[in-house]
Amino acid sequence: MDLAFMQTALAEKADGGYLRNRHCVDYEQESVICIDGKHFLNFASNDYLGMRQHPQVLQAWVEGLAQYGGGAGASPLVTGYSKAHADLEAYIAKQLNREAVLLFNSGFAANQALCQALFAEPGTIFADKFMHASAIDGALHSEATVKRFKHNDILHLRSLLEKYPDERSVIMSEGVFSMDGDSAPMQELVALSERYHTSLMLDDAHGFGVLGKQGGGTVEALSLSQNQVPILMATFGKAVGTAGAFVAGSQTLIDYLVNFARHYIYSTAMPSAQAVATLQSLKLLSNSKARTELMENIQFFRQQANAQGISLTDSDTAIQPVIIGDPQKAVAISQRLQTLGVWVTAIRYPTVPKHQDRLRITLSAQHSHKDIQALVDALAIVWGEL
């Protein structure tokens, strides 16, 4: 294969300001990361509650490794499904008042598996325009016809449901949207799904662990039943601080996925030690003060940023975007913040729509008010230079 097309594609990315690069983290401690020997306040992590470094979670990893070894050794349908997996599934099912739960290695795999298994035959998927790439890719690679409604636009969704009636259909939304930090109008989505006899599928990757009295996410916070949200996906790599994902719903749904979800059937199971650590994290989260501390940090940041005249969106979650509108300018601002000791990632197309390039600030319970004030002061300096 002639690889010249790769260089051309990369050059086009660079010219447009969209070229992606990785940064190797040397180490980190609480809210500070070290990259290339330099230290930064980290405002780019999805570890919203600081569970990734919790001593009891780390200890659970060690104990799990001692008991089960480093990996699962096989797919879940061979010998890879352990008591650690079963215990984690049972705990989540009870926490969320669902009949059953199925574990996946990632949220990307879970969303792909759901779309492709549920729509191995033709049907219709109605997806929010800002739905995560994993769900959109899964939908586009299924046998479903995909109709995307304007972000959080109930009237547009209703018009599509009326125009394209289908007995085999699903409405897809996120609980908390990963790039904008806003929340879905869940009650309206539930009402539409009931009215038009379609199922509601919720990706709660950024709500699970943060929302709800015990960290059960959007469905717990709003007391949404299994009948109202029959297909629920969430991940462990954000607020829970480990890795992997799950799908929760009826026993029939889970049995169906066990038999038809290729991403589950043909993948080695998540390491049992990971399941042990995840269960420990969830138990700690159920009575944690970290969610309150996070909400206080969000409020403090927004107050200080507004006082400095920094333009924010309406997000009241840990995800606080600052819209720049130009990819090269967003990268330049991110790099300027680094010179001030603050790490904030520039997010560009195609992750977000064109001309919606932004700084994606993420707050954590680990941040002190002093950390947040340093962020705001740095933003104010850069804001004044624009």
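Before moving on, here are some points about what is shown:
- Per-region count, the range 181-214, residues touching a strand residue (DSSP E or B) at 6+ places or on another chain (Cβ under 7 Å), assigned to a loop (DSSP other than H, G, I, E, B), surrounded by 23 or more Cβ atoms within 10 Å (Cβ to Cβ) and not aliphatic (A, V, I, L, M): 5
- Entry remark, the range 214-270: residues being without any contact (Cβ under 8 Å) to a residue 24 or more places away in the chain and in contact with a Leu (Cβ under 6 Å, 6 or more places away or on another chain) number 1 in total.
Results for (1) assigned to a loop (DSSP other than H, G, I, E, B); (2) in the same structural domain as residue 299 (by TED's automatic domain parsing); (3) among the hydroxyl-bearing types (Ser, Thr, Tyr); (4) within 27 Å of residue 300 (Cβ to Cβ), shown as yes or no for each residue.
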{"position": "321", "(1), (2), (3), (4)": "no, yes, no, yes"}
{"position": "325", "(1), (2), (3), (4)": "yes, yes, no, yes"}
{"position": "328", "(1), (2), (3), (4)": "no, yes, no, no"}
{"position": "331", "(1), (2), (3), (4)": "no, yes, no, no"}
{"position": "336", "(1), (2), (3), (4)": "no, yes, no, yes"}
{"position": "351", "(1), (2), (3), (4)": "yes, yes, yes, no"}
{"position": "356", "(1), (2), (3), (4)": "yes, yes, no, yes"}
{"position": "359", "(1), (2), (3), (4)": "no, yes, no, yes"}
{"position": "364", "(1), (2), (3), (4)": "yes, yes, yes, yes"}
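Listed here are the residues, each with its yes/no results for (1) assigned by TED's automatic domain parsing to the domain that holds residue 262; (2) among the acidic types (Asp, Glu); (3) part of a helix (DSSP H, G or I).
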position: 2; (1), (2), (3): no, yes, no
position: 44; (1), (2), (3): no, no, no
position: 59; (1), (2), (3): yes, no, yes
position: 62; (1), (2), (3): yes, no, yes
position: 71; (1), (2), (3): yes, no, no
position: 80; (1), (2), (3): yes, no, no
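- The set of residues in the range 137-157 that are over 23 Å from the mean Cα position of the chain (by Cα) and either in a strand (DSSP E or B) or aromatic (Phe, Trp, Tyr) (or both) contains only 145.
- The condition (being surrounded by fewer than 23 Cβ atoms within 10 Å (Cβ to Cβ) and of a type in the set (A, V, I, L, M, F, W, C)) is satisfied by just one residue among 157, 65: 65.
- Looking across 218, 198, 242, one residue alone is at pLDDT 95 or above, in contact with a Phe, Trp or Tyr (Cβ under 6 Å, 6 or more places away or on another chain) and among the hydroxyl-bearing types (Ser, Thr, Tyr). It is 242.
- Residue 340 vs. criteria out of contact with any Leu (no Cβ under 7 Å at 6 or more places or on another chain) and not charged (D, E, K, R): yes
The values are calculated or read from the model by the stated rules, or taken from the named source; none is laboratory data. What you see is a predicted model; the values in this text were computed from it and never measured. Quick reminder, even Gly has a Cβ in these numbers, built from the backbone with ideal geometry, and neighbours come from all protein chains shown.
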